[in-house]
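The values are calculated or read from the model by the stated rules, or taken from the named source; none is laboratory data. Please read all numbers here as calculations on a predicted model, not as lab measurements. When we count neighbours, we look across all protein chains shown, and the Cβ atoms used for this are built from the backbone with ideal geometry, even at glycine. Quick note on the areas: whole protein, heavy atoms, side chains included, nothing else; ligands and nucleic acids left out. Shrake-Rupley method; radii C 1.70, N 1.55, O 1.52, S 1.80 Å.
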Amino acid sequence: MFLEQSDIEAILLTVKLAGLVTVILLVAGTPIAWWLSRSRSRLKGVIGAVVALPLVLPPSVLGFYLLLAMGPNGPLGYLTGKLGLGALPFTFWGLVLASVFYSLPFMVQPLQNAFEAIGERPMEVAATLGASTLDAFFTVALPLARPGFITASILTFAHTVGEFGVVLMIGGNIPGSTRVASVQIYDHVEALEYGEAHRMAAVMLIFSFLVLLWLYARRPDAMKTGQR
Amino acid sequence: MKLSMNVNKSFGAFSLSTDFTVSGDCVGIFGASGSGKSTLVSMLAGFLKPDSGSIHLDGECLYSSEKRINVKPELRRISMVFQQHNLFPHLSVMENLLYGFKRCRKEHRTIDFDTLTDVLKLQGLLGRGVANLSGGEKQRVALGRAILANPRLLLMDEPLSALDDSLRFQIIPYLKSVSEQFAIPYIFISHSLIEMRMMTDTVLAFENGRMIEQSSSEQLARNRMGKSPAGYINLLHLGVPAESAGHFVYPWGRASLHISAGSDRAEPMAELSSKEIILFKQHPEAISARNLLKCTVRSLFSSGRKIGIELDCAGNPLVAEVVEEAVKELGVFPGVTVYAAMKASAFRIL
């Protein structure tokens, strides 16, 4: 076979992780992006900077702080302990949570740009036609921002697929639970299994290239603006 | 419709402060760019919150800083037609038209979809997307969409300024007939005096965030004649022309006018500046101008340094302007007969 069973398992786990993170961020990132695109609050700069932090922070720094937060003495760890959910570090759900934070700007920023590009006027028009803010959001803003949603979802999915540092810090290397494709490649290299590493790396390379090719083919500046 | 606005709003160096009450179904808000028209309309529609004051429409309080009332835009039942059509590009013509209709409470639905689309000649467009409609078609769809929301007031914020002249004058009859036919009062916002006179009865004129005049659109045009470089613009409703010796002869009431340009419209209109009319006390012996009409002076009015002379030309009204000395020299007063000369090239066909 081209790929070993453990490789396929790692790829499936990666797809599951990236899919879940994308769905969670679509739900959680949309209101943040909307708020950032419309708010005139003084907090806008602070929130925008917090959202963008994963873009500049070394993954190990983010992973370290998330590990502390999820640990038994951290606020998240305390909360999950109280809720009877157990500890999150080195579990799949810990990995999901960490990936949500790590991929947050890849969802929020294209959406924010898409919402800003729509402007106020379509929402005002909808209001004069009797639509409430929520109604206008779902019937006007969301359809008009659709290209931004596609771009944001693809970038988030692809970025989650490619993450390594945070995964290693939070998830470790547990087969079937936290060993994703990037960690599997690392394992192959560590074990001097260069053939296996090559094959996995080729799959990742082709996947990433195809995603970007598709994005750029849709519109050359889609990566920058997240608009139609 | 009765609207009372007593509002104040400041942004940086600009401030708007106004207090007026206006009644009527065809009201205009007139002013140059930066006069505060759009700010006023945004506050009336509910997009912009005044710093202080109150807004009442037909007795209902839409905003009051004192009583802390600020009715949401979607609950005001004020539809709007904008300068740009602002159609929703992801919806078809039909879906755009029905957007407001579906959200209108059943007891307010008095406008029949088929009748409206018939009046606006939209029947053939219903299944189409909005992207490839012409500018005039888009504005008609936007108008239909606003009317179908069954508003109690329609705001038209410079709806013609994005259109070229020929389209502009094609759309005006739609704007008028739709709101009249469906009994929807409107406020028409524009910086064009011609549009004001064609669309409105009462006009509020704004300058630098203050209302400076409230009068009829005709009176506003007369008051501005003296300081406007274009003078007073006469709007002439003409008949179908016949070509004759290199120009066109248009029926104009009981008279006829020789005009350089032709028109293929069924009911052509022309504009003629009051500055382009030369008055003679007696019939001149010979004259190069192709139009010489015998008129009776109806009235005189002053505007700045100019005197406007309202004439009756074979039953048609016409306003000419002269300086005060000319009035004395001509001996003009109501009832006097004068001759008005106009070049064929002085008219502009609309």
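Per this entry, A:Ala10 is not counted among residues that are farther than 30 Å from A:Phe137 by Cβ, crowded, with 16+ Cβ neighbours inside 10 Å and modelled with pLDDT of 90 or more. Inspection of the stretch B:326-341 finds a residue satisfying the criterion of being in contact (Cβ under 8 Å) with a residue 24 or more places away in the chain and within 20 Å of B:His237 (Cα to Cα).
Counting only strands (runs of 3 or more DSSP E) wholly contained in the stretch B:157-265, the ones carrying 1 or more residues that are farther than 30 Å from B:Ala13 by Cα occupy B:186-190, B:210-216, B:233-237, B:242-244, B:247-252, B:255-259.
Testing B:Tyr232 on (1) hydroxyl-bearing (Ser, Thr, Tyr); (2) free of Cβ contacts under 8 Å to residues at least 24 places away in the same chain; (3) open to solvent by less than 40 Å² (accessible area, probe 1.4 Å), one condition comes back false. Which one is that? The one condition B:Tyr232 does not meet is (2). You will find that of B:Arg197, B:Arg140, the residue that is charged (D, E, K, R) and touching a Ser or Thr at 6+ places or on another chain (Cβ under 6 Å) is B:Arg197 and no other. Note on the stretch A:135-159: residues that are open to solvent by less than 20 Å² (accessible area, probe 1.4 Å) and either free of Cβ contacts under 8 Å to residues at least 12 places away in the same chain or more than 7 Å from chain B (Cβ to nearest Cβ) (or both) total 8.
Filter the stretch B:263-275 down to the residues that are surrounded by fewer than 20 Cβ atoms within 10 Å (Cβ to Cβ) and modelled with pLDDT of 85 or more and list them by number.
Selection gives B:Ser263, B:Met269, B:Glu271, B:Lys275.
Meeting the requirement of 1 or more residues that are more than 14 Å from chain A (Cβ to nearest Cβ), the strands (runs of 3 or more DSSP E) wholly within the stretch B:1-114 are B:2-11, B:14-23, B:26-30, B:52-57, B:60-64. Of the residues making up the stretch B:92-116, those that are of a type in the set (Ser, Thr, Tyr) and open to solvent by less than 30 Å² (accessible area, probe 1.4 Å) are B:Ser92, B:Tyr99.
Working only within the stretch A:124-134, note down all residues that are open to solvent by 20 Å² or more (accessible area, probe 1.4 Å) and among the small types (Gly, Ala, Ser).
Once the filter is applied, which keeps residues that are open to solvent by 20 Å² or more (accessible area, probe 1.4 Å) and among the small types (Gly, Ala, Ser), the stretch A:124-134 yields A:Gly130, A:Ser132.
Going by the structure shown, is B:Lys72 crowded, with 22+ Cβ neighbours inside 10 Å and among the charged types (D, E, K, R)? Considered against the rule, which asks whether it is crowded, with 22+ Cβ neighbours inside 10 Å and among the charged types (D, E, K, R), B:Lys72 comes out as no. Residue by residue through the stretch B:12-27, note down the ones that are surrounded by 13 or more Cβ atoms within 10 Å (Cβ to Cβ), farther than 20 Å from B:Leu193 by Cβ and touching a Ser or Thr at 6+ places or on another chain (Cβ under 7 Å). Hit for the stretch B:12-27 is B:Leu16, nothing else. Are any of the residues in the stretch A:111-134 within 21 Å of the chain's Cα centre (by Cα), at negative phi, outside any helix (DSSP H, G or I) and within 13 Å of chain B (Cβ to nearest Cβ)? No, the stretch A:111-134 contains no residue that is within 21 Å of the chain's Cα centre (by Cα), at negative phi, outside any helix (DSSP H, G or I) and within 13 Å of chain B (Cβ to nearest Cβ). Give me the pairs: first residue in the stretch A:46-73 and closer than 21 Å to A:Thr91 by Cα, second residue of a type in the set (D, E, K, R) and in a loop (DSSP other than H, G, I, E, B), beta-carbon distance under 9 Å, and six or more apart or on different chains, which are they? From residues that are closer than 21 Å to A:Thr91 by Cα, the pairs are A:Pro59/A:Glu163.
The set of residues from the stretch B:122-134 being within 26 Å of the chain's Cα centre (by Cα) and free of Cβ contacts under 8 Å to residues at least 40 places away in the same chain comprises B:Leu122, B:Ser134. If you go through the stretch B:248-262 and pick out every residue that is touching a strand residue (DSSP E or B) at 6+ places or on another chain (Cβ under 7 Å) and open to solvent by 30 Å² or more (accessible area, probe 1.4 Å), you end up with 8.
How many residues are under 30 Å from A:Met123 (Cα atoms) and among the aromatic types (Phe, Trp, Tyr) if we restrict to the stretch A:145-187? Qualifying residue count for the region: 2. Please determine, by comparing only the residues of the stretch B:117-150 that are away from chain A (no Cβ under 13 Å), among the aliphatic types (A, V, I, L, M) and part of a helix (DSSP H, G or I), which one is most open to solvent (accessible area, probe 1.4 Å). If we take residues in the stretch B:117-150 being away from chain A (no Cβ under 13 Å), among the aliphatic types (A, V, I, L, M) and part of a helix (DSSP H, G or I), then B:Val119 is most open to solvent (accessible area, probe 1.4 Å). Candidates are the residues of the stretch B:151-190 that are within 22 Å of B:Arg265 (Cβ to Cβ) and among the aliphatic types (A, V, I, L, M); the one that is nearest to the other protein chains (Cβ to nearest Cβ) is B:Ala162.
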